[in-house]
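The values are calculated or read from the model by the stated rules, or taken from the named source; none is laboratory data. What you see is a predicted model; the values in this text were computed from it and never measured. A quick note on method: Cβ atoms are made from the backbone with ideal geometry, for glycine too, and the neighbour counts reach across all protein chains shown.
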Amino acid sequence: MNAIDAKMAKGARSEVVARRFAEIRARTEALAALLSPEDQTVQSMPDASPAKWHRAHTTWFFETFLLLPRLPGYSRYKEEFGFLFNSYYEAAGPRHARPKRGMLTRPSSDEVGAYRSHVDAAMAALVRAPSPSGLFDLVELGLHHEEQHQELLVTDALHALAQNPLSPAFDPMWREPESVTGPARLLDGPTGLVEIGHDDGAGFAFDSETPRHRTYLAPFRIADRLATNGEWLAFMRDGGYRTPTLWMSDGWAACQAEGWDAPLYWREEEGGGAWRQFTLAGLRPVDENAPVRHVSWYEADAFARWSGRRLPTEQEWEAAAGLPGFHDADGVVWQWTGSAYRPYPGFRPWEGAVGEYNGKFMVNQMVLRGGSLATPPGHTRRSYRNFFAPDKRWQFSGVRLAEDAA
């Protein structure tokens, strides 16, 4: 490629990046617009964050890691925002305590909107200006980061609205995934040496998905579909939440301490027998043919043991996800695996402050694979590694069963 062609290619890429930046930033605002200013300030538990904070933090990310070091003459919109909207980046300075984000009644939702507009205009200038190498890769990271927070905005808002006795809908028109019918069928998984992880030539991935490497899989079978609400009801009726031998010790302790007797957001009607579920579209009867969701790893593991099966490892899940007949790999629920979130052989975090993005969380977490109905379209890929602590339930997390093959 000659110098003129290279310049044209770079210019074309800048237009693509600018358009993608505008689209993703607009989607965040569209989701937030479903909430009132009061809704956007609520923090319903320490694990969640207010919608207003998500909007501001994703803006802080672009300002901190792109505009301040790369756009000549740019200064922070407001100095105090650097403290208020840092999440966990030690290299970026001190921060407001996470459990107290709901106390930030100011700045207002409108001022956060003005902050976003200010940063968006500066970013538009940055991506179209002559830029050093690595700029577009860092913008892409920021956009995937924003998509993660779009999903968190939705899941956190659902948790907040679930605390309201009026059971208000996040979006009355939100579409539920299609139900599944018929018994689950077990698929023979790939065996022997398989390759796992992101292929460097296949576009963006987080550092935790790399490097691609070989691993050995013993013979196994994996369900062609997700576990359903009806199957979970059978687990409940058979005393699943009252049988300690089904549970890991820490899981049983959590079950007892939290009083778990059903998935999060399930509500038993007076008189017993019928259950309703609080959804993004409001309170709805539990559909026995729909995939179960909002269960912790502890619950998923207990359910698998009750079923006479187990959770797949993340390597098994990734290797099997492309099999014919493997349904709902994404777009419905994140799927718990039996794998702890640990680095792959040869893992290297990104350089600089963004190196804190994944690696430092590789302890006391379990891996989920796939993607949920709250995940932005096109955000995930087969190698994507989501992760949460084993007691977390407010995410759209569900179950796919596996077993060892004879």
- Message: Quick check on region 109-117. Is at least one of its residues out of contact with any Phe, Trp or Tyr (no Cβ under 9 Å at 6 or more places or on another chain) and more than 24 Å from ALA26 (Cα to Cα)?
- Response: no
- Looking across region 188-214 at residues that are surrounded by fewer than 16 Cβ atoms within 10 Å (Cβ to Cβ) and either in contact with a Leu (Cβ under 9 Å, 6 or more places away or on another chain) or of a type in the set (A, V, I, L, M) (or both), the single one that is nearest to PRO345 (Cα to Cα) is ARG214
- Pairs only if they're at least six apart or on different chains, beta carbon under 6 angstrom, first in region 349-366 and within 17 Å of ALA205 (Cα to Cα), second among the hydrophobic types (A, V, I, L, M, F, W, C) and crowded, with 17+ Cβ neighbours inside 10 Å; list them, first residue then second. ASN358/PHE206
- Selection count, region 358-379, where residues are at pLDDT 95 or above and either closer than 22 Å to ARG225 by Cα or crowded, with 23+ Cβ neighbours inside 10 Å (or both): 12
- Query: Taking region 48-73 only, how many residues are assigned to a loop (DSSP other than H, G, I, E, B) and surrounded by fewer than 18 Cβ atoms within 10 Å (Cβ to Cβ)?
  - Reply: 3
- Message: Residues to consider are ALA162, ALA121, ALA114; find the one that is without any contact (Cβ under 8 Å) to a residue 12 or more places away in the chain, of a type in the set (Gly, Ala, Ser) and closer than 30 Å to SER44 by Cα.
- Response: ALA114
- Query: How many residues are touching a residue at least 60 places away in the same chain (Cβ under 8 Å) and within 21 Å of GLU151 (Cα to Cα) if we restrict to region 57-75?
  - Reply: 5
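Results for (1) more than 30 Å from ALA160 (Cα to Cα); (2) modelled with pLDDT of 95 or more; (3) acidic (Asp, Glu), shown as yes or no for each residue.
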| site | (1), (2), (3) |
| --- | --- |
| ILE4 | yes, no, no |
| SER14 | yes, no, no |
| GLU23 | no, yes, yes |
| GLU29 | no, yes, yes |
| ALA33 | no, yes, no |
| SER36 | no, yes, no |
- Message: Please verify whether LEU68 is in contact with a Lys or Arg (Cβ under 8 Å, 6 or more places away or on another chain) and over 30 Å from PHE387 (Cα atoms), treating the condition exactly as stated.
- Response: yes
- Query: Of everything in region 259-280 that's loosely packed, with under 13 Cβ neighbours inside 10 Å and among the acidic types (Asp, Glu), which residue is nearest to THR375 (Cα to Cα)?
  - Reply: ASP261
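Of the residues ALA157, ALA114, ALA122, ALA91, only one is closer than 28 Å to ARG20 by Cβ, part of a helix (DSSP H, G or I) and at pLDDT below 95; which? Reasoning before the result, please.
On the way: ALA157 fails: at pLDDT below 95; ALA114 fails: at pLDDT below 95; ALA122 fails: at pLDDT below 95.
When all the criteria are applied, what remains is ALA91.
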